[in-house]
Structures are given as C-alpha cells and as structure tokens.
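The values are calculated or read from the model by the stated rules, or taken from the named source; none is laboratory data. Just so it is clear, the structure is predicted and the values come from calculations on it, not from any experiment. A quick note on method: Cβ atoms are made from the backbone with ideal geometry, for glycine too, and the neighbour counts reach across all protein chains shown.
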C-alpha cells in the first residue's frame, strides 16, 4: 500500500518539475536581506510567496509579523501553511521549516547576477537558490503533489516560512517560540531542510556550541621608524591570536565521533583595518574568533582561559587586550537517533533512494536547535552541494525534485509501533 502511494506521489512530483523550477526562480528574483546586512527584510518575498500559494488549497494559512522598524513596513513576516492529515486537525503534526531570508550576494558572480536566476547544466543559479530556496520550494510541491492527487497524509503538514534565520532568528523562529508558544506541541515532528550533503546520506541530529568574540588589542601608535616609542598593537594582537589558537586546540582536544569534524574548532577569522599608511605602527588592532565547541565543554571555562591568557600578554607586552563576546550559545541535547522523525527519514531514504543514511552532528547552526531547547526533537536533512553563501550559488533541479519526494514520504509513511 505504502509503495503504491509513494510511487503515485513521486510521479506527480516529477510532473510538477518545471513548475518547481519556475517558482524557485520567481522567489530568487525577490531579494530578502536582513536590515543588519543592508537590506529591507523579507516582506516583499513573503508577499510573493503568499500570492503563489493563495489558491492552492491549504486548509489554513497564518501570518505572524515580528515588529522591526528597520524593515519594509516595519515587520518581518513569518508564514505557516497547514495541510491537514487524514484525521483532520486531530492528526499528528509534521513541521517542515525553511527560511525566507538570504545572505548578501557578495562579489565575483560569473554565471549570472545574484538576483537574476538562470538555469544551466541542470542547476538553478542565484542567491538563495540552495539556501534555502531549494528546500522551501521542495516542501511546497511535496504538499501540492498530495493536494493534486487528493491524498491526505498520515500527518498534518505545517510548512513554516520564517524570517531572520541568517542573522540569529530574533525576528523569526525564536520570536515565534517566545510570543506564540502554543503553536508548538511536544509530540510534533520537526524537519529542518537547511543542511545536508550531496547524496542525502546524512541526517543531522546535533550541533556544536557556538562562541564568537572580538579581540581588541590597544597599544600605542608611533612612526614605524621608531618602534621603541610605541606598542605595536598589530604585532601583539597577532601573537596573542596564534597563542590563543594553539592553547585552545591543545586544551580542548577531546573528540566526539558524532560530529564531523569530531573536534572543537577555534579559528581566527575577520580582521579589521587598523592604520591608513604602511609607515605607521598601529595603536589599536581588532580581530575576531569563531569557535564551534563540542557540547561537553563548558563555554564559561573556555572564556576564563581566554581572559587569563590575555592578562598574561598584557603583563608581557604592556598592551591592553579586550575580549568582547559577540555570541555565546550552549548546544542543547541532541535529537535521539531513535526519535520518530529520524526513523521516518531513514525509512523514506531506504525506500526511495536505497541508502542507509549516517546520523550525526555538525559545527554549523540551524534553527533546529531552538526546537531542541524546548524539548521537541528535530532532524536536519536535505540534498545539497553546499554552495550556500558562496558566489555562483546553485540548486540542482534533481535535488529540488527528489527532496520533495522525501518530504512527502515522511508525511505519508507509517511510524514504528
């Protein structure tokens, strides 16, 4: 019975392939960049999405606007579209969450302009094509295929299209959980298709803790011909950064094979401009660290070690070193590999792709973590080449279609008794 229905739905998804491509290209054409990144937010894209799905046959469409005076019309829209299961509103519920916002385009695009999508060699190029447009459209057409066939799934499907994923979810999922907590139920299943690998053989159930901080080194500016008259903040800052990098990797070197890579990472990243001329020794220097830390480590202990090393360098070089924490988030408990959402994904992948996926953790962050924090298990899965945030970002048309089939299967399949 299941195999016959899945085959019928798969054929319908394939029939909708050209429409899926056109819808993704329509959405790519509408920039949705956060105000923090110089954009107007997601309003225009949300309105275009609502126009597209208005007459599809969803049982209920809700819009929740998070106030943000910086954004167009002062809001950051979040849209929920419900397609009820075979027991109507009493059906168990499956959330599929994708995000409307995209990162800024960046420089160096060669295939096309970032918001002028093109199809080439089976790929759709454009900013937001993979992150998160591919999964957004795949989730839509998983439901549209069911609608077209008159099939009610075992689970009510709630498609959530949220704002502000790229800059912290303050106006997106975090805002919904805080301001509308009754939307979410402990027995809900949650699928977040916002990370994955090229063949769909990886299901993410855990994320590392995050720590990001600024290192500001304050010395004394002087002429480069008289270095003894100053304190070279750039030199001290570089020495501190390399010492900190080495110390953290050595002290927090535990491995956890659930993750890839299986270690904590502590990387210096952004470097701010210091002086305007090469013959000036800078009196101030600023760099940043991005750390992805195994959940078993204590972030407060790590920060204590960072401050202690900074104090040692201050005493040695006479400079002042300030540590400014920009992000500190302790990873919640992982989703159990034995949870129903993971088992359904495994079952769907075995039936439709004949693969047995690996279950593990990643260093990146998705908004699955916000569900785990409130005790709702969430799984992260999609089929992507990981071109997100890159120039010439693309989504494979094959992935767009095939992932839609998996989404539909998760809603249709029987769980284990």
Within segment 381-417, restricting to residues that are in a helix (DSSP H, G or I) and farther than 30 Å from residue 116 by Cα, the one that is farthest from the chain's Cα centre (by Cα) is 412
Does residue 124 satisfy the criteria of being in the same structural domain as residue 20 (by TED's automatic domain parsing), outside any helix (DSSP H, G or I), buried (at least 22 other Cβ atoms within 10 Å of the Cβ) and touching a residue at least 60 places away in the same chain (Cβ under 8 Å)? yes
Scanning segment 355-380 for residues that are surrounded by 16 or more Cβ atoms within 10 Å (Cβ to Cβ) and assigned to a loop (DSSP other than H, G, I, E, B) gives 357, 363, 365, 366, 367, 376, 377
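Here is a yes/no grid of residues against (1) on the phi < 0 side of the Ramachandran plot; (2) modelled with pLDDT under 95; (3) in the same structural domain as residue 368 (by TED's automatic domain parsing); (4) surrounded by fewer than 24 Cβ atoms within 10 Å (Cβ to Cβ):
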| residue | (1), (2), (3), (4) |
| --- | --- |
| 129 | yes, no, yes, no |
| 139 | yes, no, yes, no |
| 152 | yes, no, yes, yes |
| 155 | yes, no, yes, no |
| 162 | yes, no, yes, no |
| 167 | yes, yes, yes, yes |
| 175 | yes, no, yes, yes |
| 185 | yes, no, yes, yes |
Open item on the list: Condition first: surrounded by fewer than 20 Cβ atoms within 10 Å (Cβ to Cβ) and part of a helix (DSSP H, G or I). Can you find one or more residues in segment 90-97 that meet it?
Closed with: no
Answer yes or no: is there a residue in segment 94-109 that is touching a residue at least 40 places away in the same chain (Cβ under 8 Å), farther than 23 Å from residue 162 by Cβ and either touching a helix residue (DSSP H, G or I) at 6+ places or on another chain (Cβ under 9 Å) or not assigned by TED's automatic domain parsing to the domain that holds residue 158 (or both). no
- Query: If you go through segment 292-303 one residue at a time, do you hit one that is crowded, with 17+ Cβ neighbours inside 10 Å, in contact (Cβ under 8 Å) with a residue 40 or more places away in the chain, assigned by TED's automatic domain parsing to the domain that holds residue 265 and in contact with a helix residue (DSSP H, G or I) (Cβ under 8 Å, 6 or more places away or on another chain)?
  - Reply: yes
Worksheet item: Quick check, is residue 284 modelled with pLDDT of 95 or more, assigned by TED's automatic domain parsing to the domain that holds residue 92 and either closer than 28 Å to residue 199 by Cβ or in contact with a helix residue (DSSP H, G or I) (Cβ under 7 Å, 6 or more places away or on another chain) (or both)?
Response: no
Residue hits (segment 258-277; loosely packed, with under 11 Cβ neighbours inside 10 Å and out of contact with any strand residue (DSSP E or B) (no Cβ under 8 Å at 6 or more places or on another chain)) are 273, 276, 277
When segment 316-354 is checked residue by residue, the ones that are touching a residue at least 40 places away in the same chain (Cβ under 8 Å), exposed (fewer than 13 other Cβ atoms within 10 Å of the Cβ) and over 26 Å from residue 240 (Cα atoms) are none
Scanning segment 1-38 residue by residue, those farther than 19 Å from residue 139 by Cα, out of contact with any helix residue (DSSP H, G or I) (no Cβ under 8 Å at 6 or more places or on another chain) and buried (at least 19 other Cβ atoms within 10 Å of the Cβ) turn out to be 33, 34
Picked from segment 278-318 (must be part of a loop (DSSP other than H, G, I, E, B) and out of contact with any strand residue (DSSP E or B) (no Cβ under 8 Å at 6 or more places or on another chain)), the residue nearest to residue 256 (Cα to Cα) is 296
Would you confirm whether any residue within segment 227-248 is closer than 30 Å to residue 395 by Cβ and in contact with a strand residue (DSSP E or B) (Cβ under 6 Å, 6 or more places away or on another chain)?
no
Over segment 319-341, the set of residues part of a strand (DSSP E or B) and within 23 Å of the chain's Cα centre (by Cα) is 325, 326, 327, 328, 329
